[in-house]
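I have placed the structure first, in the form of structure tokens, so that the comments after it can refer back to it.
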Amino acid sequence: MDALKKILVARLAPPEVLEKLKAHFDVDYHDGELPLTAEALRGRLQGKAGAYITGTERITPELLDACPALRAICTMSVGYNHIDLAACTARRVLVTNTPDVLTETTADLGFALLMATARRMGEGERLLRDGGWKSWRWDFLAGAEVHGTTLGILGMGRIGQAIARRGRFGFGMQVAYHNRSRLPAEAEGELGARYLSKEALLREADHLVLVLPYSAESHHCIAAAELALMKPTATLVNIARGGIVDEHALAAALRERRIAAAGLDVFEGEPQVNPELLALPNAVLTPHIGSATMPTRIAMATLAADNLIAALTGAPPPTPLNP
Ligand code: DGY
């Protein structure tokens, strides 16, 4: 019998997924709480044919050149901005991600963050725990309306559309969006979604949700000039990647109440969070938990493992990025 192919499981994985991988491969398991350093990752990937990673492992051309045995990189995430896809393709390294299985769960969190932000739930919780709830008052923690308002979505992929459905059918919102490419008329009709230029979307949205992929093109695509176009009563929600927003400009806009509030699940330097944001009462901050429900995380891990098994056994992987 041939020796099993060697793989690295670079982050903690559900036990049943680990067992599945062990049935196919000789598994080197990094069972630490924290990600491997870049140097340790390079060391552990030596001689490995495949890697099961998450968004915390950066795959660079230098790393690929140092690990020539690598044939497949399977990330347990839908986002893949941590992987240099062109460099992988050039070296014939197959890359997969985990789309679809997290769409609805991530949209749920996006909507929860929108609600918590508009209705000042973070402020209310802190105030109550700190003993600051003294009495009822007509304008006590009065926030922004959600139902019937205009929901702006920047990035109308699977998750953007799932948020649009929640807004339109759950909350009677008017949906407007901007995307690199416009949706087919039928999809726009089903979602009741109006296509706008980015500038018009910024001007019109009462609640703007960022759901676009992170790339050199989308880096800081929400900065001072864009924030200046938004309504002073508007809220901004980011569930995509921290680097899409210029956090310093956002903190200034929130501090000076040039926009009302922001809900952020992702941060440019995460897990470090810009202290300017931490100091703001009108920012609701969550630690990158968009897809964090147990069933969804198990589905993502299973799909990443299935991708790796297929990729290294010559079968077509379910969700390839560079087939
Ligand atoms: C994703 O799947 O891209 C989530 O952001 C988790 O990393």
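What follows is calculated from the coordinates using simple rules that are stated; it is not laboratory data. None of these values were measured; they are calculated from a predicted model. A quick note on method: Cβ atoms are made from the backbone with ideal geometry, for glycine too, and the neighbour counts reach across all protein chains shown.
General remarks:
- Loop-resident sites, segment 1-73, for GluC sites (Glu not before Pro), counting at most 15 other Cβ within 10 Å (DSSP): E33
- Loop-located chymotrypsin sites (Phe, Trp or Tyr not before Pro) in segment 80-173, at most 13 other Cβ atoms within 10 Å (DSSP): W133, W136, W138, F140
- Over segment 191-260: Rg over Rh, Cα atoms, Kirkwood Rh: 0.95
- Dividing the convex hull volume of the alpha carbon atoms of the chain by its residue count gives 149 Å³ per residue.
- Note on K198: lysines with a C-alpha under 23 Å away, same-chain residues under 8 apart excluded, are K231.
- Shape category assigned to segment 124-280 from the gyration tensor of Cα positions, a/c cut at 1.5: oblate
- Cα-only Debye scattering, segment 1-151: base-10 log of I(q)/I(0) at q = 0.09, 0.13, 0.16, 0.20 Å⁻¹: -0.48, -0.72, -0.88, -1.20
- For R71, nonlocal amide neighbours, meaning residues 5 or more places apart or on other chains whose placed amide H falls under 5 Å from its own, are G50.
- Summary: within the chain, the longest segment free of trypsin sites (Lys or Arg not before Pro) located in DSSP loops with at most 10 other C-beta atoms within 10 Å is 138-323.
- Basic side chains Lys and Arg get +1 at the Cβ, acidic Asp and Glu get -1 at the Cβ, and with that the dipole of the chain about its Cα centre reaches some 260 debye.
- Gaussian network model of the chain, Cα within-10 Å springs - most flexible of G50, G124, G110: G124
- Signed unit charges on C-beta, dipole axis of the chain, positive-most listed residue L8, L21, A279: A279
- Dividing the convex hull volume of the alpha-carbon atoms in segment 11-54 by its residue count gives 71 Å³ per residue.
- Between A144, A261, G160, the Cα set farthest toward the positive side of the dipole of segment 103-285 (charges on each charged residue's Cβ, about the Cα centre) is that of A144.
- Over segment 44-85, volume per residue of the alpha carbon convex hull, in Å³: 65
- Taken about its Cα centre, segment 103-285 carries a charge dipole of roughly 380 debye when the Cβ of each Lys and Arg holds +1 and the Cβ of each Asp and Glu holds -1.
- Net dipole in debye of segment 1-83 [+1 Lys, Arg Cβ; -1 Asp, Glu Cβ; about Cα centre; nearest 20]: 160
- Of the GluC sites (Glu not before Pro) in segment 217-323, those whose Cβ has at most 16 other Cβ within 10 Å and which sit in DSSP loop: E217, E256
- Helix runs (DSSP H) in the chain reaching 15 Å along axis by Cα, Kyte-Doolittle at least 0.0: 103-118, 294-313
- Which of F169, P318, L183, positive extreme of dipole for the chain (C-beta unit charges): F169
- For segment 13-28 and segment 55-82, distance of Cα centres in Å: 19
- The three principal axes of the C-alpha atoms in segment 132-183 carry coordinate ranges of 50, 20, 14 Å, sorted with the longest axis first.
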